[in-house]
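Undergrad: Please read through the structure below; I'll follow up with questions.
The values are calculated or read from the model by the stated rules, or taken from the named source; none is laboratory data. Here the structure is a predicted model, which means the values were calculated and not measured. Note: ideal-geometry Cβ built from the backbone for every residue, glycine included; neighbour counts use all protein chains shown. When the accessible area is computed, the model is the full protein with side chains, heavy atoms only, and any ligands, DNA or RNA have been set aside. Shrake-Rupley method; radii C 1.70, N 1.55, O 1.52, S 1.80 Å.
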Amino acid sequence: MSRGLLITFEGGEACGKSTQVGLLTDRLRSLGRTCQVLREPGGTPLGEKIRHLVKHDPDGIGMATVAELLLMNASRAELVHRVIRPALERGEVVVCDRFYDSTVAYQGYGRGLNLPMVEQVIAAAVGEVRPQLTLWLRVAAEEAARRLVKRQEVGDRFEAEKAAFFERVEQGYAAVAAREPQRFVPINAGGTPDEVHARIWARVEALEAAES
């Protein structure tokens, strides 16, 4: 992989994205690749402030769903402008914990916003930037609930959503996977972290072969 490469991770809450982002970037760096590790919303000073407002700040409680959509994409536009596009132009690998597919799943399907509108806002935020590979980590709902209890992150409004919301989110991800099967790849996130990483690495190696 000599060209710039954008790899994104998607999935519901407590699916193991953060762990797998770390394992993948460690492996890529061991092979001599320069990696940018990012998260959404966030990744820039402005983006981190938006992240806190959307997920934790009491002032964000009950915000309009369209406001949530626009804030998420304001953070994303800043991230693309300041970090992702320059890194790709330098030939680096960018690994991002969530990207625009989360907005389709969470705000489009989960919140029930108009999907063409959601896609227009995303397009304005990202321009021509698209991931070459998106890894959709899938874990059984019961296992995700067990992990959430164990993690006990305080005050995360998304993690506090009800089961019906997350069912709609999964429907959103499934719709993206059906539409873009070459890019958006389901990964069985059950088992040990190393077992999940092996499944991910097989996909990354396949991408490397296709890009070379």
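Undergrad: Out of (1) at pLDDT 95 or above; (2) over 29 Å from His197 (Cα atoms); (3) not in a helix (DSSP H, G or I), what's the single condition that is false for Glu68?
TA: Looking at each condition in turn, Glu68 falls short on (3).
Undergrad: Moving on. Could you say which residue among Glu119, Glu159, Glu167 is among the acidic types (Asp, Glu) and at pLDDT 95 or above?
TA: After applying the criteria, what remains is Glu119.
Undergrad: Going residue by residue through the range 20-35, is there one that turns out to be open to solvent by 50 Å² or more (accessible area, probe 1.4 Å), touching a His at 6+ places or on another chain (Cβ under 9 Å), under 23 Å from Ala105 (Cα atoms) and touching a residue at least 60 places away in the same chain (Cβ under 8 Å)? Spell out how you get there, then give the answer.
TA: If we filter the range 20-35 for residues that are open to solvent by 50 Å² or more (accessible area, probe 1.4 Å), which is where we start, we get 23, 26-27, 29-32, 34.
The next check asks that each one be touching a His at 6+ places or on another chain (Cβ under 9 Å); those that pass are 23, 27.
Next, from what is left, pick out any that are under 23 Å from Ala105 (Cα atoms): none.
No, every residue in the range 20-35 fails to be open to solvent by 50 Å² or more (accessible area, probe 1.4 Å), touching a His at 6+ places or on another chain (Cβ under 9 Å), under 23 Å from Ala105 (Cα atoms) and touching a residue at least 60 places away in the same chain (Cβ under 8 Å).
Undergrad: Enumerate the pairs (first residue in the range 165-188 and under 12 Å from Gly12 (Cα atoms); second residue anywhere and assigned to a loop (DSSP other than H, G, I, E, B) and open to solvent by less than 20 Å² (accessible area, probe 1.4 Å)) with beta-carbon separation below 7 Å, excluding pairs fewer than 6 apart on the same chain, so at least 6 apart or on different chains.
TA: If the second residue must be assigned to a loop (DSSP other than H, G, I, E, B) and open to solvent by less than 20 Å² (accessible area, probe 1.4 Å), the pairs left are Phe166/Gly12; Val169/Gly12; Glu170/Gly12.
Undergrad: Identify the residue in the range 190-207 that is open to solvent by less than 30 Å² (accessible area, probe 1.4 Å) and either at pLDDT 95 or above or aliphatic (A, V, I, L, M) (or both) and, among all such residues, is nearest to the chain's Cα centre (by Cα).
TA: At the first step, the residues of the range 190-207 found to be open to solvent by less than 30 Å² (accessible area, probe 1.4 Å) are 190, 196-197, 200-201, 204, 207.
With the extra rule that they be either at pLDDT 95 or above or aliphatic (A, V, I, L, M) (or both), the set shrinks to 196-197, 200-201, 204, 207.
Numbers: Val196: 17, His197: 16, Ile200: 15, Trp201: 17, Val204: 16, Leu207: 18 Å.
The qualifying residue nearest to the chain's Cα centre (by Cα) is Ile200.
Undergrad: Could you tell me which residue of the range 50-86 is nearest to the chain's Cα centre (by Cα), considering only residues that are buried (at least 16 other Cβ atoms within 10 Å of the Cβ) and of a type in the set (D, E, K, R)?
TA: Residue satisfying both the conditions and the ranking: Arg76.
Undergrad: State the number of residues belonging to the range 1-19 that are under 17 Å from Val129 (Cα atoms), within 12 Å of the chain's Cα centre (by Cα) and surrounded by fewer than 21 Cβ atoms within 10 Å (Cβ to Cβ).
TA: Residues meeting the conditions: 0.
Undergrad: Another question, if that's okay. Of all residues in the range 11-21, which are part of a helix (DSSP H, G or I) and farther than 13 Å from Cys96 by Cβ?
TA: Start the filter on the range 11-21 by keeping residues that are part of a helix (DSSP H, G or I), which leaves 17-21.
Thr19, the sole residue that qualifies.
Undergrad: Related question: Residue check, Thr8 against (1) assigned to a strand (DSSP E or B); (2) within 22 Å of Ala160 (Cβ to Cβ); (3) among the polar types (S, T, N, Q), all met but one. Which one?
TA: That leaves (2) as the condition not met.
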